[in-house]
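Written out below as structure tokens is the structure these notes cover.
Laboratory data are not the source of any read-out in this text; all were calculated from the coordinates shown. Note that the coordinates shown come from a computational prediction; the quantities given were computed from them, not determined experimentally. All Cβ positions, glycine included, derive from the backbone under ideal geometry; neighbour counts span all protein chains shown.
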Amino acid sequence: MSIRVDSRTDALIVVDVQRDFCPGGALAVPRGDEVIPVINRLLALTDWLTVATRDWHPADHCSFTAQGGVWPPHCVAETDGADFHPALDRSRIRHVVSKAVTRDAEAYSGFQGTDLAALLASHGIRRAFVCGLATDYCVKATALDARRARLEVVVIEDAIRGVEVNPGDCAKAMDEMRAFAVVLARSADVTPRP
Ligand code: VGL
Ligand code: ZN
């Protein structure tokens, strides 16, 4: 199955490829860094709208264990851990969307509390290709919100990795996305429009 990218109506959303979500980081996703070369190829595929989301928390964010949340502190705004991974090709990223930026709001989805939907609409985007970290949290939430925003959604299976807090979480996330008519594709099957 080959999917042809039309740069006028397709956008690439790169979810949370930040140091803290990669091996060595504060909330490392197992093998999270393996998505980076795949994503770099997608970024360079054609001249399309490319957006990178980032988790961008205050130091006392409600999702952190000290505040009663479930996560260790991670992606604190302006810290090294919140930086995009250095291997990610930033030069190809046209827009950066920060999320979960206030203490009391959690946001797994790049659409939640951001202007991402308006950004895509203003560019006439009809289909979003979603990749990044983590499959069972922010990738899933972003893909489902993109569907709710009436976009077609393609998730690139070999350009995502999950946290898998409980065994089966990633498989469940894939099932949920499929149930919302998210298309799952491999990066090798995504080609530029001739
Ligand atoms: C994420 C856990 C906490 C993610 C963000 O980007 O998937 N996961 N914050
Ligand atoms: Zn977070």
Please give the length that would be gained between Arg178 and Arg41 if that part of the chain were fully extended, namely 0.36 nm times their separation in residues minus their C-alpha to C-alpha distance (nm, one decimal).
46.9 nm
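Around Pro73, what is the net charge, scoring Lys/Arg as +1 and Asp/Glu as -1 over all other residues with Cβ under 12 Å from its Cβ? Walk me through the numbers before you get to the answer.
Details: positive: none; negative: Asp20, Asp55, Asp60.
Net charge around Pro73: -3.
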Counting only Cα, what are the radius of gyration and maximum Cα-Cα distance Dmax of the chain, in Å?
15.5, 52
Two pseudo-spin positions, 7 Å from Cα along C-beta at Val70 and at Asp6, lie apart in nanometres by 3.9
Top of Val76, Val14, Val130 by mean-square fluctuation, Gaussian network on the chain, Cα under 10 Å
Val76
Residue among Asp20, Asp80, Asp136 with the largest mean-square fluctuation in a Gaussian network model of the chain, springs linking Cα atoms under 10 Å
Asp80
Could you run the Karplus curve 6.51 cos²θ - 1.76 cosθ + 1.60 with θ = phi - 60° over the range 40-57 and give me ³J(HN,Hα) per residue in whole Hz, x for Gly and Pro?
4, 5, 5, 4, 8, 4, 7, 8, 10, 6, 10, 10, 10, 8, 9, 6, 9, 8
Under a GNM of the chain (C-alpha, springs under 10 Å), which listed residue has the highest mean-square fluctuation: Trp48, Trp56, Trp71?
Trp71
Which residue, chosen from Ile160, Gly32, Val101, occupies the Cα position most advanced towards the positive end of the dipole of the chain, where the dipole is computed from +1 (Lys, Arg) and -1 (Asp, Glu) charges on Cβ about the Cα centre?
Ile160
